[in-house]
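Student: Quick one: structure below, then a few questions.
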Amino acid sequence: MDDATGRPVKLDVSDVCIGYRDRRSGSFFAAVQDLGFQIHENEFIAIVGPSGCGKTTFLSAVAGLLPIAHGTLELNGAPITGPAEDRSLVFQQASLFPWRTVAANIAYGLEAQRRLDAAGRQRVADLIELVGLAGKEGKYPRELSGGMSQRVNLARALATDPDLLLLDEPFAALDAQTREVMQEELTRIWQADEAGAGKTALFITHDVPEAVFLADRVLVFSASPGRLVESVPIDLPRPRNRDVKRSPEFMDQTEYLLDLVMRQSGLRQEVES
Amino acid sequence: MTDTVERGAPVIESRPLTELDRRPTFFARHKSLLLGLIGGLIVLSSWQTLVWVGVVDDKFASSPLGAIEGIGYLAESGMLWEPTFSTLTSVGLGILISIVIGVPLGLVIGRSSVLHGLAEPLISIMYSVPFVVFLPIIIFWFGIDDTARLVIVVWAAVFPLLINVVAGARNLDANYLQVSRVFCSSRLKTLWSVSLPGTMPYILAGFRQAVARSLVGAIVAELFMGTEGLGYVVQAETSNFQMDHAMAAIGVIAVIAVLLTRGVAWLESRLTFWSGSVD
Ligand SMILES: Nc1ncnc2c1ncn2[C@@H]1O[C@H](COP(=O)(O)OP(=O)(O)O)[C@@H](O)[C@H]1O
Ligand SMILES: [Mg+2]
């Protein structure tokens with residue numbers, strides 16, 4: 001698509017169809033269809049769309065957890081065939097290992113990839129600091145609040161220093177106040193993490209203001225089966241903080257996108273015509 | 001969150017002690033233990049009284065005091081420590097073998113739907129059928145030496161362990177496995193770092209049953225085919241009409257059973273402290 005700065009393409013999605021096969025009847029159900037767009041290096045992309053439109057399905061395919069039924073899905077020019085060390089996923093449910101401490105949970109990815117050497121340990125220590133969990137490294141997940149769990153979840157994904165970071169509604173389960181804090185934290189971490197700086201992120205949410213606040217570009221998906229409806233660049237200056245949310249530009253873009261998303265869930269025919 | 005704790009703590013300390021803060025009495029704190037001891041004492045002293053009064057013949061039914069004397073006799077005549085050691089060896093070795101077989105096999109069966117389909121009915125049947133009915137066949141196969149005793153202990157212990165590990169592996173949270181996949185864990189790493197700890201509560205539940213049943217297995221084996229062990233002492237002394245000695249050996253078995261149960265409970269609290277809620 002249009003990229004004013006001419007940055008190289010990171011993720012190339014074209015004519016993609018992903019779905020599920022019913023185990024009993026054998027019939028195929030497409031969760032995502034005719035999907036096509038490109039993501040460029042360093043972009044922070046948010047995907048919004050009505051619930052059930054296939055956002056998680058799409059993200060799972062990018063993570064390599066689901067095969068695509070049709071089309072091409074390429075990362076850095078190579079087709080995605082399975083999970084790889086260049087991608088990390090921040091899960092919707094924190095999915096922390098309850099038998100591991102905060103530090104050991106964050107280190108899990110590095111450990112699994114045999115990269116937990118001195119530098120890896122240092123990275124884990126730095127991340128604990130960065131995500132605001134200093135002093136909590138020895139705690140177990142059951143002792144953490146929802147917000148803290150998601151910080152660990154995020155740090156675990158950042159620890160392996162992924163080329164493409166995937167986030168599936170990481171703040172959806174949090175209360176409104178914690179969610180606001182975490183949104184700001186994410187922008188701060190994103191800008192502060194040296195290893196992560198300049199990395200590409202794909203953030204899924206159904207919360208439009210969250211998408212506008214975080215993203216460089218918002219992709220709107222249609223209702224099931226999900227297709228791309230519109231790609232909306234967000235021209236808010238960075239670094240962003242909560243004041244941005246009161247600016248007229250923010251409100252305009254949020255208003256515009258909200259309207260678009262509402263039309264997906266409500267009046268589908270209008271879009272198709 | 002930390003704020004409230006830090007601000008809250010001194011307030012509680014400076015609050016004057018009231019009726020609500022009164023420490024529960026010694027009896028209230030150890031109620032169930034004390035009641036249990038009293039119950040046991042009542043039964044034992046009634047038994048002893050019946051013997052003294054002459055209602056019960058202690059040549060026939062033994063007596064608590066006679067059993068205590070019996071322990072002295074067993075110790076003197078070399079029928080206490082050696083048989084205890086022998087029984088514990090059978091139990092320990094049997095459980096060890098059961099764990100080495102049961103845990104990996106259970107994890108593999110539980111994670112594979114084909115293997116589960118193949119093995120599950122068989123395991124359930126073997127778990128449900130009382131293992132003692134296999135005793136004659138095992139004697140036929142292995143004779144009555146140490147190997148046969150060990151086979152019975154393993155036979156008794158491995159199925160409860162297996163059935164629990166399989167259930168645990170099947171109920172393993174799919175999210176954990178997904179995390180493992182996303183971070184490109186090898187199969188072995190996933191088995192060791194995710195499946196094993198994730199199944200640990202089930203493994204320990206199975207282990208608890210396995211320990212109890214292995215003791216039963218060991219004693220049964222000694223009763224019927226032993227030349228050593230506490231079961232054999234009970235059998236031999238009963239045949240000699242030495243009820244006090246037999247009762248003493250039973251007392252030792254009871255102590256072993258209680259200690260094993262306690263040990264398993266301690267192990268459970270050590271290994272699965274992370275499950276359950278904060279208190
Ligand atoms: N494992 C699955 N098997 C079958 N259908 C599924 C599965 N997961 C999701 N779906 C279906 O695919 C569609 C898209 O789901 P999902 O990707 O979770 O949507 P979203 O994340 O946008 O809410 C839904 O209709 C859902 O019912
Ligand atoms: Mg979803």
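Student: Assuming residue B:137 fulfils every condition listed in (1) within 26 Å of residue A:67 (Cβ to Cβ); (2) more than 14 Å from every other protein chain (Cβ to nearest Cβ) apart from one, which condition is it?
Tutor: Single failed check for residue B:137: (1).
Student: Residue under question is residue B:72, and the condition is that it be free of Cβ contacts under 8 Å to residues at least 60 places away in the same chain, in a helix (DSSP H, G or I), closer than 21 Å to residue B:225 by Cβ and not β-branched (Val, Ile, Thr); does it hold? I'd like the intermediate steps shown before the answer.
Tutor: Numbers: free of Cβ contacts under 8 Å to residues at least 60 places away in the same chain: yes; in a helix (DSSP H, G or I): yes; closer than 21 Å to residue B:225 by Cβ: no; not β-branched (Val, Ile, Thr): yes.
Criteria not met by residue B:72.
Student: Which residue, of A:114, A:142, is of a type in the set (D, E, K, R), within 12 Å of another protein chain (Cβ to nearest Cβ) and more than 18 Å from residue B:193 (Cβ to Cβ)?
Tutor: Only one candidate passes the filter, namely A:142.
Student: Here's a follow-up. Test residue A:101 against the criterion of being touching a residue at least 12 places away in the same chain (Cβ under 8 Å), away from ligand 1 (no atom under 16 Å from the Cβ) and open to solvent by 20 Å² or more (accessible area, probe 1.4 Å), and give yes or no.
Tutor: Working: touching a residue at least 12 places away in the same chain (Cβ under 8 Å): yes; away from ligand 1 (no atom under 16 Å from the Cβ): yes; open to solvent by 20 Å² or more (accessible area, probe 1.4 Å): yes.
Yes: the conditions hold for residue A:101.
Student: Which of (1) over 25 Å from residue B:206 (Cα atoms); (2) within 17 Å of the chain's Cα centre (by Cα) is the odd one out, the single condition residue B:264 does not satisfy?
Tutor: For residue B:264, the exception is condition (1).
Student: Now a separate question. Got a sec? Which strands (runs of 3 or more DSSP E) wholly within segment A:37-93 have at least 2 residues that are crowded, with 17+ Cβ neighbours inside 10 Å and within 11 Å of chain B (Cβ to nearest Cβ)? Reasoning before the result, please.
Tutor: Details: elements: A:44-48, A:70-75, A:87-90.
Counting at least 2 such residues, we get A:87-90.
Student: Quick check: anything in segment B:86-100 farther than 21 Å from residue B:221 by Cα and at pLDDT 95 or above? Steps first, please.
Tutor: The first filter runs over segment B:86-100 and keeps only residues farther than 21 Å from residue B:221 by Cα, leaving B:100.
Still in the list and also at pLDDT 95 or above: B:100.
Yes, segment B:86-100 contains a residue that is farther than 21 Å from residue B:221 by Cα and at pLDDT 95 or above.
Student: While we're here: Would you point out which residue out of A:80, A:68, A:45 is within 18 Å of residue A:229 (Cβ to Cβ) and either in contact with a Leu (Cβ under 9 Å, 6 or more places away or on another chain) or within 15 Å of ligand 1 (Cβ to nearest atom) (or both)?
Tutor: Unique residue meeting the criteria: A:45.
Student: So, one more: Just to be sure I understand the filter: pairs with C-beta atoms under 6 Å, separated by 6 or more residues or on different chains, first member in segment B:179-190 and farther than 17 Å from residue A:163 by Cα and more than 7 Å from chain A (Cβ to nearest Cβ), second member among the hydroxyl-bearing types (Ser, Thr, Tyr) and open to solvent by 40 Å² or more (accessible area, probe 1.4 Å). Which pairs pass?
Tutor: Taking only residues 6 or more apart or on different chains, not a single pair turns up.
Student: Could you tell me which residue of segment A:12-36 is nearest to ligand 1 (Cβ to nearest atom), considering only residues that are polar (S, T, N, Q) and part of a strand (DSSP E or B)?
Tutor: Filtering segment A:12-36 for residues polar (S, T, N, Q) gives A:14, A:25, A:27, A:33.
Next cut, part of a strand (DSSP E or B) only: A:14, A:33.
On the way: A:14: 19, A:33: 11 Å.
Restricting to residues being polar (S, T, N, Q) and part of a strand (DSSP E or B), the top hit is A:33.
Student: Looking only at segment B:237-279, which residues are within 14 Å of chain A (Cβ to nearest Cβ), touching a residue at least 24 places away in the same chain (Cβ under 8 Å) and in a helix (DSSP H, G or I)?
Tutor: B:268, B:271
Student: Follow-up question, since we're still on this one. Only one of B:254, B:265, B:205, B:174 is crowded, with 17+ Cβ neighbours inside 10 Å and of a type in the set (A, V, I, L, M). Can you tell me which? Don't jump to the end; show me each part of the working.
Tutor: Details: B:254 fails: crowded, with 17+ Cβ neighbours inside 10 Å; B:265 fails: crowded, with 17+ Cβ neighbours inside 10 Å; B:174 fails: crowded, with 17+ Cβ neighbours inside 10 Å.
The unique qualifying residue is B:205.
Student: Restricting the search to segment A:146-188, which residues are more than 16 Å from ligand 2 (Cβ to nearest atom), touching a residue at least 12 places away in the same chain (Cβ under 8 Å) and polar (S, T, N, Q)?
Tutor: A:149, A:160, A:178, A:183, A:187
Student: Identify, please: which residue in segment A:43-71 is within 9 Å of ligand 2 (Cβ to nearest atom) and farther than 19 Å from residue A:15 by Cβ and is, among those, modelled with the highest pLDDT?
Tutor: Here the residue is A:56.
The values are calculated or read from the model by the stated rules, or taken from the named source; none is laboratory data. Just so you know, these numbers come straight off a predicted model, no measurement behind them. A quick note on method: Cβ atoms are made from the backbone with ideal geometry, for glycine too, and the neighbour counts reach across all protein chains shown. When the accessible area is computed, the model is the full protein with side chains, heavy atoms only, and any ligands, DNA or RNA have been set aside. Shrake-Rupley method; radii C 1.70, N 1.55, O 1.52, S 1.80 Å.
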